[in-house]
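To start, the structure itself, in structure tokens.
The values are calculated or read from the model by the stated rules, or taken from the named source; none is laboratory data. What you see is a predicted model, and the numbers here were worked out from it, not measured in a lab. Cβ placement follows ideal geometry from the backbone for every residue including glycine, while neighbour counts extend to all protein chains displayed. Remember, those area values only see protein heavy atoms, side chains included, never the ligands or the DNA or RNA. Shrake-Rupley method; radii C 1.70, N 1.55, O 1.52, S 1.80 Å.
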Amino acid sequence: MEEIKASYPQLGNYCTPLELLFTEGFDVKYIVPPPITKKTLALGSRYSPDYVCAPFKYHLGNFIETIEAGANTLVQTGGVCRLQYYGELHEQILQDLGYRVNFVNMSKVQDTNPLTFYNGLKEINPQMSLQKIGKILPIVLKMFEYIDEAENFIRKNIGFESNKGAFEKVHADFLGDLRRVRKKKELKNTYRDYMKLFKGIEINKPADPLKVGIIGEYYTIMEPFSNHYLEKELAQMGIVVDRWMNVTNTLIHYPKKQIQKRIKNYAEYPWVATSMATIDRALEFARKGYDGIIHVKSFGCTPEIDAMPILQNISKDYKIPILYFTFDTQTSETGFNTRLEAFYDMIIMRKETKK
Amino acid sequence: MIIGIPRALLYHKYKHLWKSFFKELGIDYILSPDTNKEILRKGSAYSIDESCLSSKIYLGHVEWLLDKCDYILIPRFSDYSRNGTVCPKFLAIYDVVANIFRDRSINLLSYSINPKVTHVEMAAFLKLGKILNKKKSQSLYAYLNAKQVEKKAHLLEITEQERLLQENKLKILVLAHRYNIFDKYIGEPILNILREQETVPIIGDIAPQKEAIANYAQISETLPWVCNRELVGSIPIYKDRVDGIILMSAFPCGPDSLVNEILIRRIKDKPILNLMIDGQEGKAGMETRLESFIDIIRFKKDEQNGRN
Ligand code: SF4
């Protein structure tokens, strides 16, 4: 039998824990998906329906790139919203393009009992063992959390590093070392050592720096290429960047009940997808007196569009500026930069006058 | 007390139920008028630009009702049910309306469909009756009665459609959300053009619901949304009796963006037209598009007849 070489589309830096899950848990070779680039987007848009949301196109493009990098087994997860239906269309398009791969669509077993779900998972590798997965899963989840924690720290400090590139260098080493981790202890030590390194990086942070919170739709917020490297741009302007949305806070520990309670004044009923978290975070950033909020989403994302009237009310009620970005496949670089700079000028002026 | 009912979105599905329920309980209601240019213009002005056309129209209707009634009826559906999920729009629309019009002292009346309760709809209507200060027995009677009216109306639609299917003309299956195809401003003009062109539009959404729901997976296994399941499930029911299919969607409808693509890739034996409506198209342009599609259908049909 041909060796199983599996993959899942790139999202931020999460291919590292996924690699651990696939190799040690599912017992297959893992193809690290190529980073998201212009080419990914071009490929994805060429074969996608026009007005489907951008993450669909990125995923499709990245699937094609991973096939070209050697993958023969592709996994698409279920999820809420349109994501739930991505897999079936991805599979159809890839098939129509003539790619012969094993496409494992987890949507087929979504909302079923654990056994059916496991059987669905087995389509990746019929020989996989529950024991192996059970053994590695806690380490995989912890790795997601550590990556998120490290990146939270980076976002808040990278804008103030004394030596340009210091954080990026340590970050890359951290991710590289994580790839070799197999045991809980190793993971913990690696994390601890690197956090020390991160904290030891020399920074020059003013006492009351500009603070901006980022909120919005799942994919666009987490995949830096798709949001024009917004966080990097902000950091270069000398801003503390805060973002709650990540895998830890949504997939691993999602505080649905608390969120619903906190946003009661603005939303009486529960919503789907990330929109509740979007509202909740906006409130939190507003209450904490941040200087501004940036909302990002891909074009046509219904849940996030519906969150916007509420964000506008929060902006009025708490007098906090919110900048809205919609990304599609043709978002222009200059338009993006102009709006971001105007926003920066505004929040810095507001801060000055407040003093 | 007067209840305002926006003539948009779910109105088109539940109009018989709502109207009979309120009538039976002796509660006055007022309907917003048919969608027109002004309603769309106002609705768009209140909407986030990227919202789907259907929801922009909805906001226009809500706006029209604002100073003309005491409460506006906005039902709310949960994120899943036995038959599938709903477009996220329906989960949010209540709160969206409340937030957009919060400075205009709007009062909303809602019933919430919660799939965890048995007899979900009935429970919701009994609750609604309670809010309206009606006795439980009264509300129950009104609901059951309204259900009968609704059922009769649906049966009538189905019979009428079966009759249309017998007509000796070109028949075109129109797959569109009910609130789009039956909207006087964005949907009806399409039906009129089709009729003027000597064809018979067959409405996918009229298909018997249970049968449609039992069918959809033949075409698309993991399709999540109830509305689209019903539409896709109507294809096996009607396909052999129609000559072409039109997929009409409101720009930029989320579910339809994927479902239409699946249909175009999977249904190979009938001509398909993908018709995206943004509310700006003129009559002439629409006529040309539909005419050329009908020409293709005629051509294919003649070709087939020639072969047989
Ligand atoms: S299904 Fe499409 S048209 Fe209907 S509310 Fe949702 S996005 Fe709008």
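Just one of the listed residues (B:LEU109, B:LEU144, B:LEU140) is closer than 25 Å to A:ILE314 by Cα and not hydroxyl-bearing (Ser, Thr, Tyr), and it is B:LEU109. For A:VAL272, the conditions (1) surrounded by 16 or more Cβ atoms within 10 Å (Cβ to Cβ); (2) within 20 Å of A:LEU141 (Cα to Cα); (3) not assigned by TED's automatic domain parsing to the domain that holds A:SER162 all hold with the exception of (2). Scanning the range B:57-96 for residues that are open to solvent by less than 30 Å² (accessible area, probe 1.4 Å), touching a Pro at 6+ places or on another chain (Cβ under 6 Å), at pLDDT below 95 and away from the ligand (no atom under 13 Å from the Cβ) turns up just one, B:SER78. For A:ALA307, the test of being in a helix (DSSP H, G or I) and either open to solvent by less than 10 Å² (accessible area, probe 1.4 Å) or at the interface with chain B (Cβ under 10 Å from one of its Cβ atoms) (or both) is passed.
When the range B:9-40 is filtered for residues that are within 16 Å of the ligand (Cβ to nearest atom), assigned to a loop (DSSP other than H, G, I, E, B) and within 16 Å of B:LEU109 (Cβ to Cβ), the ones remaining, listed by number, are B:LEU9, B:LEU10.
Taking the listed residues A:TYR146, A:TYR85, A:TYR99, the one that is among the hydroxyl-bearing types (Ser, Thr, Tyr), closer than 30 Å to A:MET276 by Cα and away from chain B (no Cβ under 14 Å) is A:TYR146, with no other qualifying. For the range B:41-56, filtered to residues that are within 14 Å of the ligand (Cβ to nearest atom) and of a type in the set (A, V, I, L, M, F, W, C), the residue that is nearest to B:ALA8 (Cα to Cα) is B:LEU53.
Flag set for B:TYR179, criterion: in contact (Cβ under 8 Å) with a residue 12 or more places away in the chain, open to solvent by less than 60 Å² (accessible area, probe 1.4 Å) and assigned to a helix (DSSP H, G or I).
Among the residues making up the range A:293-310, those that are in contact (Cβ under 8 Å) with a residue 40 or more places away in the chain and either in the same structural domain as A:LEU41 (by TED's automatic domain parsing) or under 19 Å from A:MET222 (Cα atoms) (or both) are A:ILE293, A:ILE294, A:HIS295, A:VAL296, A:LYS297, A:SER298, A:PHE299, A:GLY300, A:CYS301, A:THR302, A:PRO303, A:GLU304.
Out of the residues in the range A:146-186 that are of a type in the set (Val, Ile, Thr) and under 13 Å from A:ILE203 (Cα atoms), which is least open to solvent (accessible area, probe 1.4 Å)?
Selected residue: A:ILE154.
Listed by first and then second residue, the pairs linking a residue in the range A:266-278 that is facing chain B (nearest Cβ under 7 Å) and in contact (Cβ under 8 Å) with a residue 24 or more places away in the chain to a residue that is among the hydroxyl-bearing types (Ser, Thr, Tyr) and open to solvent by 20 Å² or more (accessible area, probe 1.4 Å), with Cβ atoms under 8 Å apart and 6 or more places separating them unless they lie on different chains, are A:ALA273/A:TYR218. Residues in the range A:311-333 that are of a type outside the set (A, V, I, L, M, F, W, C) and in contact (Cβ under 8 Å) with a residue 60 or more places away in the chain: A:ASP328, A:THR329, A:THR331, A:GLU333. Considering (1) farther than 28 Å from A:ASP96 by Cβ; (2) modelled with pLDDT of 95 or more, the lone condition that B:ASP295 does not fulfil carries the number (1). The single condition among (1) more than 13 Å from B:SER234 (Cα to Cα); (2) within 18 Å of the chain's Cα centre (by Cα); (3) among the β-branched types (Val, Ile, Thr); (4) surrounded by fewer than 21 Cβ atoms within 10 Å (Cβ to Cβ) that B:ILE193 does not meet is (2). Selection over the range A:1-42 of residues that are assigned to a helix (DSSP H, G or I), open to solvent by 20 Å² or more (accessible area, probe 1.4 Å) and either within 30 Å of B:MET276 (Cβ to Cβ) or not charged (D, E, K, R) (or both) gives a count of 8. Applying the condition of being β-branched (Val, Ile, Thr) and farther than 24 Å from A:VAL140 by Cα to the range A:15-49 and asking which residue is farthest from the other protein chains (Cβ to nearest Cβ) yields A:THR37. When the range B:229-276 is filtered for residues that are touching a residue at least 40 places away in the same chain (Cβ under 8 Å), within 11 Å of chain A (Cβ to nearest Cβ) and of a type in the set (Ser, Thr, Tyr), only B:SER249 remains.
With respect to A:PRO321, is the statement that it is at pLDDT 95 or above and crowded, with 20+ Cβ neighbours inside 10 Å true? Spelling it out, it is not the case that A:PRO321 is at pLDDT 95 or above and crowded, with 20+ Cβ neighbours inside 10 Å. Please tell me if A:VAL52 is within 14 Å of another protein chain (Cβ to nearest Cβ), under 23 Å from A:VAL296 (Cα atoms) and surrounded by fewer than 21 Cβ atoms within 10 Å (Cβ to Cβ). Spelling it out, it is not the case that A:VAL52 is within 14 Å of another protein chain (Cβ to nearest Cβ), under 23 Å from A:VAL296 (Cα atoms) and surrounded by fewer than 21 Cβ atoms within 10 Å (Cβ to Cβ). Selection of the range A:218-260 for residues being polar (S, T, N, Q) and buried (at least 22 other Cβ atoms within 10 Å of the Cβ) yields A:THR220, A:SER226, A:ASN227. Within the range A:282-295, the presence of a residue that is at pLDDT below 95 and open to solvent by 10 Å² or more (accessible area, probe 1.4 Å) is excluded.
Can you confirm whether the range B:56-75 contains a residue that is over 17 Å from B:PHE251 (Cβ atoms), touching a Leu at 6+ places or on another chain (Cβ under 9 Å) and among the aromatic types (Phe, Trp, Tyr)? Checking the range B:56-75: at least one residue is over 17 Å from B:PHE251 (Cβ atoms), touching a Leu at 6+ places or on another chain (Cβ under 9 Å) and among the aromatic types (Phe, Trp, Tyr). Does the range B:247-262 contain at least one residue that is outside the structural domain of B:SER55 (by TED's automatic domain parsing) and away from the ligand (no atom under 16 Å from the Cβ)? No, the range B:247-262 has no match at all. A single member of B:GLN209, B:GLN197 is without any contact (Cβ under 8 Å) to a residue 60 or more places away in the chain and away from chain A (no Cβ under 14 Å), and it is B:GLN209. Restricting attention to the range B:214-229, does a residue exist that is open to solvent by 30 Å² or more (accessible area, probe 1.4 Å), in contact with an Asp or Glu (Cβ under 6 Å, 6 or more places away or on another chain) and either within 12 Å of the ligand (Cβ to nearest atom) or not assigned by TED's automatic domain parsing to the domain that holds B:ALA8 (or both)? Scanning the range B:214-229, I find no residue that is open to solvent by 30 Å² or more (accessible area, probe 1.4 Å), in contact with an Asp or Glu (Cβ under 6 Å, 6 or more places away or on another chain) and either within 12 Å of the ligand (Cβ to nearest atom) or not assigned by TED's automatic domain parsing to the domain that holds B:ALA8 (or both), so the answer is no.
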